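This report refers to the structure that appears directly beneath it.
The values are calculated or read from the model by the stated rules, or taken from the named source; none is laboratory data. What you are looking at is a predicted structure, and each value in this text was computed from that prediction instead of being measured. Cβ placement follows ideal geometry from the backbone for every residue including glycine, while neighbour counts extend to all protein chains displayed.
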Amino acid sequence: METTIINRGRGPEISGTRITVYDVLDYLKEGWHHTDIAATLRISSAQALAAIQYVQDHQDEVQENYQKILERCAKGNPPEIQARLDEIHAKYQNLWANGRDSSHRENNGEGGPSGQ
């Protein structure tokens with residue numbers, strides 16, 4: 001079965017996955033072998049090779065878009081989005097801490113149905 005690269009609007013990706021050629025490119029730039037990339041991304045070697053071939057065949061376009069992606073990532077989130085993300089993170093940090101505390105009490109016989 002031949003692996004194809006498609007574009008569903010998020011950029012070129014490996015058919016049947018959500019892995020973009022830019023995901024593969026990150027590892028490729030670090031000098032990773034295609035089998036290591038495949039194992040890390042949980043795709044086949046043929047899929048990794050198809051993405052690598054696409055990058056080579058469309059090098060100018062891929063590099064231009066990859067640079068735009070890196071620049072967008074470097075900017076970070078807008079302040080209002082980052083504030084909301086910080087709120088959510090703090091909320092879940094508290095939930096996780098409380099969950100660990102109650103779990104610790106239950107393991108020591110201090111809580112739960114038999115230790116009330």
Exercise. Hey, any hits in the range 27-37 for a residue that's β-branched (V, I, T) and within 17 Å of the chain's Cα centre (by Cα)?
Worked result: yes
Seminar exercise, completed: Filtering the range 64-93 for residues that are in contact with a Leu (Cβ under 9 Å, 6 or more places away or on another chain) and either in contact (Cβ under 8 Å) with a residue 24 or more places away in the chain or within 16 Å of Y22 (Cα to Cα) (or both) leaves a count of 1
For this session: Please go through the range 16-67 and pick out each residue that is surrounded by 13 or more Cβ atoms within 10 Å (Cβ to Cβ), among the small types (G, A, S) and either in a helix (DSSP H, G or I) or modelled with pLDDT under 95 (or both).
Result: A38, A39, S45, A46, A48, A50, A51
